[in-house]
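Asker: Take this structure, written in structure tokens, and hold onto it; I'll ask about it next.
The values are calculated or read from the model by the stated rules, or taken from the named source; none is laboratory data. Fair warning: this is a prediction, and the values are worked out from it, not measured in the lab. Cβ placement follows ideal geometry from the backbone for every residue including glycine, while neighbour counts extend to all protein chains displayed.
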Amino acid sequence: MLTLRNVDVHYGRVHAVRRVSLHVAPGEIVALIGANGAGKTTLLSAISGVQRASAGAIEFNGRDIVREKPERIVRLGLSHVPERRLVFGPLTVEDNLLLGAYSRFKRREAEADMEEIYAMFPVLCERRRQQAGALSGGEQQMLAIGRALMARPRCLLLDEPGMGLAPQVCKEIFRHVALLRQEKGLTVLLVEQNAKSALAVADRGYVLETGRVLVSGTSEELLANRDVRRAYLGREREAESGARGRA
Amino acid sequence: MRECFEPALETMDRRELAQVQLERLQATLNRVARNVPLYRRRFAERDIDPEAFADLADVRRLPFTTKADLREAYPYGLFAVPLREVVRLHASSGTSGKPVVVGYTRNDIKTWSRLVARILVAAGANRDDLVQIALGYGLFTGGIGFHYGAEALGAAVIPASSGGTRRQVAIMQDYRTTVFVATPSYALYLADTLAAMDVNVNALSLRFGLFGAETWTEAMRAAIEDRLKLTATDNYGLSEIMGPGVAGECQMKAGMHVSEDHFLIEIVHPVTGEPLPDGEEGELVITTLTKEAFPMIRFRTGDITRILPEPCACGRTMRRIGRIVGRSDDMLIVRGVNVFPSRVESLLLEAEGVTPNYRIVLTRSGALDEALVEVEPTEELLFDRVAEHQVLVDRIERRFASELGVGIAVRLVEPGSLARNVRGKTIRVVDQRGLGKDA
């Protein structure tokens, strides 16, 4: 569904993404993991057209989208849920959602979609008239996802959905990601620093380090991989070996 | 479509496969450049930027890894992970020089098991089978490689290991073995033993046999199938790359499917190292795409074969390689034509009336190479059918000319007259041309 070949992205003078090739098959959840500054967010922005790739090919459903404008890419079925949610704080929950349907402009359809989103996230329905800025972090994340869904995407780019959330809330968000795939057949490319929660929901993953792909594999393979464990599961790993040492 | 162990992967669209290969090649290059000093040094010396690889064909710009590199790195110099990540070690036999030690991470073992399960299923096996593995266990990858693969498949494994032929026969009878894994020469030896023990082969339960680790011929396949009453397939692997499971034949018996999602294959000229087009015979070069502990970049296998690019009727999209016809280190160049002693041998085996005891004598008359094959005929032909001698010689000479592309004279010599080595085999090649090896 989504295929990247040799994508380079420069962020100012920094060569943030280097020759990255990856693919996401229809219905797959794929995680991009890596430390801060590995180039994950830059790569997502390049896919959604917010950032320009300086070289390489990005294909969505067999169509080259590397030169397309972001709004055009949304209309093709690729929605980006940005890092830190970026909901419109002063607007109500409902207006935020309607803005997500901006690319379609069909009020009636949009309202029907909104009901579906309310069914999925009842808490948003309860707070539909409140300002988005008044929501908790987890609720804002649900709103950001809901807003992206309003464009009826076939593929969702999710940037750090768990960032700054309590573990329980984070779990809830990931549960919804899995449900979206299961119920709507949505394809998801997920960026996450928390490798463990990302790989728990993803089928496969790519590990980015200083802009390069270092390892790729199924989630199970990555969880067993040394580079992944050392760099991104470090603490849990130590705790685990400590426990084994005492046994 | 025939059964596959991993159907979605084994019948993957070739374009998707190219994408997967590119992704994995790039990640492998990034990893070896970071973790393996030999590769880091080589890339630096040749000014190779592992990030500049935008296409699978770019792999041709990388230097080869040779068996000599592996020996020099003995024992752990080419490992890409620290030893604490390694859960298994194997070693290839050190027939010439030091052995080569190879390591596997937990993921490597899982991948290996799945790839062996693929060739078992391709060969006809399924989870209801009883798989008798008559390959050596231990440092050699053959026995344990098949063992894990058969377990991954869910079959019942009989780890018989090699040797003890009468015991193998007893196991085969009593346990009702359905799949037999061995070398082709051992399969024939077992057939002799079955005959000597007067065992009714039709009363055995054998269905399929997987034979590899040696060069063999269609004539041997026919003999094995006939004498053991099973369907025999060829398979290919080598410790330096993984062990068994690199490639295996499906039921079409027309070449071995390479698991190309894990191995990138090329065929190069055995002398110049130049890439050769699909279909042409040359040396097989393999780059691993998923190995963690012991990745290999453009490893020269020394095995001579060719890529069969046409799609296979079984539905697998993974390309096939033909039989291994020889070793590049055995290759002779006669009047500019590459000749493999193993090829000469298989052509001799097809001719009725001669034994596998032969030698190739190379001489030079003026600027021209002269090649002569001296072969010991069977006693029966020698004494009872003298009139047929010249007919046989002519027939073999014509076969050589058409199959090898160069004229080689044939002479029948007295049985037992050719010099033997310590293992009782005739010395295969006598080169009297006075050329250096590189000439």
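Asker: In this structure, does residue B:141 turn out to be in contact with a Lys or Arg (Cβ under 9 Å, 6 or more places away or on another chain) and within 23 Å of residue B:285 (Cα to Cα)?
Answerer: On the way: in contact with a Lys or Arg (Cβ under 9 Å, 6 or more places away or on another chain): no; within 23 Å of residue B:285 (Cα to Cα): yes.
Judged against the criteria, residue B:141 is not a match.
Asker: Hey, another quick one. Taking residue B:85, is it charged (D, E, K, R) and either within 28 Å of residue A:1 (Cβ to Cβ) or not assigned by TED's automatic domain parsing to the domain that holds residue B:139 (or both)? Outline the logic, then answer.
Answerer: Working: charged (D, E, K, R): yes; either within 28 Å of residue A:1 (Cβ to Cβ) or not assigned by TED's automatic domain parsing to the domain that holds residue B:139 (or both): no.
When the stated conditions are applied, residue B:85 does not pass them.
Asker: Also: If you check B:343, B:359, which single one turns out to be touching a residue at least 24 places away in the same chain (Cβ under 8 Å), assigned to a helix (DSSP H, G or I) and either in contact with a His (Cβ under 7 Å, 6 or more places away or on another chain) or charged (D, E, K, R) (or both)? Step through it out loud before you land on a result.
Answerer: Numbers: B:359 fails: assigned to a helix (DSSP H, G or I).
One residue alone meets the criteria, B:343.
Asker: Hand me the list of helices (runs of 4 or more DSSP H) wholly inside the stretch B:32-122 holding 1 or more residues that are surrounded by fewer than 20 Cβ atoms within 10 Å (Cβ to Cβ) and modelled with pLDDT under 90.
Answerer: Working: elements: B:37-45, B:67-72, B:106-122.
The helices (runs of 4 or more DSSP H) meeting that bar are B:67-72.
Asker: Need at least 1 residues that are away from chain B (no Cβ under 14 Å) and closer than 30 Å to residue A:136 by Cα per element, so show me which strands (runs of 3 or more DSSP E) inside the stretch A:1-86 make the cut, counting only ones lying wholly within it.
Answerer: Filter on the stretch A:1-86 gives A:29-33, A:78-81.
Asker: Can you report the number of residues in the stretch A:188-215 which are touching an Asp or Glu at 6+ places or on another chain (Cβ under 6 Å) and modelled with pLDDT of 95 or more?
Answerer: Count: 1.
Asker: Can I ask one more? Test of understanding: among B:188, B:135, which residue is assigned by TED's automatic domain parsing to the domain that holds residue B:233, assigned to a helix (DSSP H, G or I) and within 19 Å of the chain's Cα centre (by Cα)? Explain how you work it out, then say what you get.
Answerer: On the way: B:135 fails: assigned to a helix (DSSP H, G or I).
Only one candidate qualifies: B:188.
Asker: Oh, and also: Failed condition for residue A:42, given (1) of a type in the set (Ser, Thr, Tyr); (2) over 24 Å from residue A:185 (Cα atoms); (3) more than 15 Å from the chain's Cα centre (by Cα), with all others met?
Answerer: In the conditions (1) of a type in the set (Ser, Thr, Tyr); (2) over 24 Å from residue A:185 (Cα atoms); (3) more than 15 Å from the chain's Cα centre (by Cα), residue A:42 misses (3) alone.
Asker: Going through the stretch B:271-295 one residue at a time, which ones are crowded, with 24+ Cβ neighbours inside 10 Å, among the aliphatic types (A, V, I, L, M) and closer than 22 Å to residue B:107 by Cα?
Answerer: Correct list: B:286, B:293.
Asker: Restricting attention to the stretch A:154-180, and to residues there that are out of contact with any Asp or Glu (no Cβ under 6 Å at 6 or more places or on another chain) and closer than 19 Å to residue A:3 by Cα, which single residue is surrounded by the fewest Cβ atoms within 10 Å (Cβ to Cβ)?
Answerer: Looking only at the stretch A:154-180, we keep the residues that are out of contact with any Asp or Glu (no Cβ under 6 Å at 6 or more places or on another chain), and these are A:154-158, A:161-180.
In the following step, the residues that additionally are closer than 19 Å to residue A:3 by Cα were identified as A:154-158.
Values: A:154: 18, A:155: 22, A:156: 25, A:157: 25, A:158: 29.
Ranking the qualifying residues of the stretch A:154-180, first place goes to A:154.
Asker: Exactly one condition in (1) over 30 Å from residue B:142 (Cα atoms); (2) within 14 Å of chain A (Cβ to nearest Cβ); (3) in a helix (DSSP H, G or I) is not met by residue B:29; state its number.
Answerer: Unmet for residue B:29, out of (1) over 30 Å from residue B:142 (Cα atoms); (2) within 14 Å of chain A (Cβ to nearest Cβ); (3) in a helix (DSSP H, G or I): (1).
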